[in-house]
Every structure is written in structure tokens, then in C-alpha cells.
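The values are calculated or read from the model by the stated rules, or taken from the named source; none is laboratory data. Quantities reported herein were computed from a predicted structural model and do not represent experimental measurements. Virtual Cβ from ideal backbone geometry, glycine too; neighbours counted across all protein chains shown.
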Amino acid sequence: MRSLGLLAMLLISGCSHQAQDAWYGQDKAQHFIGSAMLAAAGNEVGQHQGWSRDRSAGIGFMFAVSLGATKELWDSRPAGSGWSWKDLAWDLAGATTGYALWQMAQY
């Protein structure tokens, strides 16, 4: 429910300072790889804390996505490069990949 509220706030906010970026580029690869690594690391930390696999997976995924959204929020300030939905999409794709790879490595 909290995630839904956060998503609603982001959509309502308007993000008036948006980036004019392409779908592909070096920064998109960095978003993807960084989010994949953060999601996998978050999963691993959860496992070392003794959390269940499901809880570790959820925490790892949300950790990566939260950092990606925070970075976009930082970029949306007047001195930043602008909010990029494309960067956030690559963050989500990377977090999903990191989650999936970590889960496959556990079997």
C-alpha cells in the first residue's frame, strides 16, 4: 500500500524538470548494472540477517528501486539534469534482473 501511495505522489507531482534523453546510452547501462547489483546485494544482506527468502528478495528489490527513484528525484531539482522516466525504467529492469539472478543462484 505504501508503494502505491509513493507511486501516486510521483505521478501527481508533475516532474516539471524532465530530462531529454535517449533510451540507450552509457548512463542507461550504468542504471541497469547498478540496480542489478544493488538488488542482489540487498537480497544477500537479508539472507545474512536470517530473513526469509521472500523477505530478502522484497527488501533487495525495493532497495534498488528506491535508490533509483531517489536519484531521479535528485536529478529533478533545478540544477539537475531532469527527471528521467527512461532511467527509472532501466533501474526497474536492472533490479528485476538482479533479483532473478540472485534467486537462480540460490538453487
Pick out the one residue from Ala22, Ala41 that is hydrophobic (A, V, I, L, M, F, W, C) and either closer than 20 Å to Ser3 by Cα or in a helix (DSSP H, G or I) (or both). Ala41
Counting only residues that are of a type in the set (Ser, Thr, Tyr), farther than 17 Å from Arg2 by Cβ and within 12 Å of the chain's Cα centre (by Cα), segment 53-71 contains a total of 0
Residue that is modelled with the highest pLDDT [pool: residues in segment 1-47 that are among the charged types (D, E, K, R) and surrounded by 16 or more Cβ atoms within 10 Å (Cβ to Cβ)]: Lys28
Can you say whether Leu88 is modelled with pLDDT of 90 or more, surrounded by fewer than 16 Cβ atoms within 10 Å (Cβ to Cβ) and touching a helix residue (DSSP H, G or I) at 6+ places or on another chain (Cβ under 9 Å), as far as the supplied structure shows? no
Keeping to segment 51-85, report how many residues are surrounded by fewer than 17 Cβ atoms within 10 Å (Cβ to Cβ) and over 20 Å from Ala41 (Cα atoms). 7
Across segment 57-84, the tally of residues that are without any contact (Cβ under 8 Å) to a residue 40 or more places away in the chain and assigned to a helix (DSSP H, G or I) stands at 14
